[in-house]
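The values are calculated or read from the model by the stated rules, or taken from the named source; none is laboratory data. None of the values given here were measured: they were computed from a predicted structure. Cβ placement follows ideal geometry from the backbone for every residue including glycine, while neighbour counts extend to all protein chains displayed. Note: areas computed on protein heavy atoms with side chains; ligands, DNA, RNA excluded. Shrake-Rupley method; radii C 1.70, N 1.55, O 1.52, S 1.80 Å.
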Amino acid sequence: MPIPFLIWAAAAIGLGGSAFNFRKFKRDRDRYNARRKRYERCRERYRKFVESVQTEVDDLHKQRVAAQETLREAAEFLVRAKVKDREFDADFKITPEQFEELKGVLDDLRNLSADFLGTAGIGAGAGILGKSAALALVSALGSTSTGTAIGGLTGAAARSATLAWLGGGSLASGGGGMAAGAAMLANITFIPLAILPVAVFTWKAYKQGKRVDDAIEEMDVDQAKMGRHKAELSALLERVREVSKGVREVEKALKDLLEVSSIEVVKDVYLVWLAAKALAELLDDKSDSSDDEDPGPSTGGGVTSPKSPNVPIAPR
Amino acid sequence: MTTVGSFAAFFGKQGAFKIIEEAVDYLKTREAEATKREYIRAKRDALVTALNHERDFVFAYFPARFAERRESLQQFYDVLHAAVENSNSDQLQVALEGILGIIKDNPLKDLREFRREWEDPNSEFIL
């Protein structure tokens, strides 16, 4: 008698449980998909924004390289004007120190290298973004919280992973951890076999729900990181534009001066020297923040992008 | 016959007690693990809040700061081009010094300072 009763009871529980679990699976899947869709939209906007910043940084780099050509012209002009032999002090009250500086600028102009604006930081940021392409939905059952298939593990690692799997995944991924897994394992021994599939299905549904919760939380964190990074990049973009305009305006002034200046006129030579010196300083990277060990986002010098947010974690 | 009775008949009395005992143990463990999970979740929530505050600060501060600088720079650019047009060396020097003075002062260093302050638990922010 007890056995048929158990079978009927198990069948009833099985049917009811299956319907309940099916609805839960569907609800969790829809919840995950909706959040994922929003997240992907946000990520796409973020990616485009990073690309636009990178483009502007590249443009600034090109602009600075081009400005070097103007500086070279100015250097040639000053060499032809024999600046080193001129006595500016009489006309313009140039101190001996300033005169030495002028000669130094002439040397610097010849030595300016094209690699003053390192875009490696931004490039690295883009590289991290590139990895996002590898972000596929890791939904296969039987994978550890790091996404490694349990079958690929051996010994203690395999045991821990299996216990964690039984416990609904690692604690970090929203599961019950190894302890819950071990307790579950102990219980399973005593559960009547007829109810076992329903219990496992229910457990799986519960675990799936936890995974969805966890994935959504990961997306929340990642989205918040993208938001902060985007804000920092906006500031960086403002800075890039500021430096870019500064270089453009001073270079234009120097070009205008070179067009109308004569090497015979001391005043002309002096004006060209002033503008060339200022442009050389602008192209130089020694802004007042460059002495810091942890530069963060800066420009006018090496452009370092803040760390890109971590990749999101999909339900495993 | 009740379900518990069925279990007892099927597994024996000892088995039924064992099931209950294991179930209680399991629930206790589960409760403890749930608490740990809540802690992890709370930490994540705090992280999201902190990140959002940082973002809001950066969005509120830097556009205003750069707008102010842009205005000053524009005035110096105007002086610069006037100086070139008039071949006025004094004016040119003033304009170039002004431009360099502003541009070489990188406002993004404030971001670093802000981060340092933000990570210091003793700092207070008045927003």
Exercise. What is the dipole size for segment B:3-119, taken about its Cα centre, with +1 at each Lys and Arg Cβ and -1 at each Asp and Glu Cβ, in debye to the nearest 20?
Worked result: 940
Seminar exercise, completed: Judged on accessible area alone, 1.4 Å probe, highest first, A:K207, B:K109 line up as B:K109, A:K207
Exercise. Under a plain spin-label model, where a point goes 7 Å from the Cα along Cα-to-Cβ, how far apart in nm are A:F22 and A:D284?
Worked result: 7.6
Problem set entry | Chain lengthening between B:T49 and B:R70 when straightened (0.36 nm per residue, less Cα-Cα) | 4.4 nm
Problem set entry | Within 10 Å of each Cβ in A:212-221, the average number of Cβ atoms from other chains | 2
For this session: Just need the Rg to Rh number for segment B:3-119, please, alpha carbons only, Kirkwood Rh.
Result: 1.65
Exercise. Residues with amide H under 5 Å of A:D284's amide H, sequence separation 5 or more or different chain, H placed in the peptide plane at 1.01 Å from N; which?
Worked result: none
Exercise. How many angstrom separate the Cα center of segment B:17-62 from the Cα center of segment A:242-277?
Worked result: 62
Seminar exercise, completed: Residues whose built amide H sits under 5 Å from the amide H of A:S261, excluding neighbours closer than 5 in sequence, are none
For this session: Note down the accessible area of A:H61, probe 1.4 Å, to the nearest 10 Å².
Result: 50
Problem set entry | Share of carbon and sulfur in the accessible heavy-atom surface of segment B:3-119 [1.4 Å probe, %] | 57
Problem set entry | Solvent-accessible area per residue for segment B:31-127 (1.4 angstrom probe, square angstrom) | 59
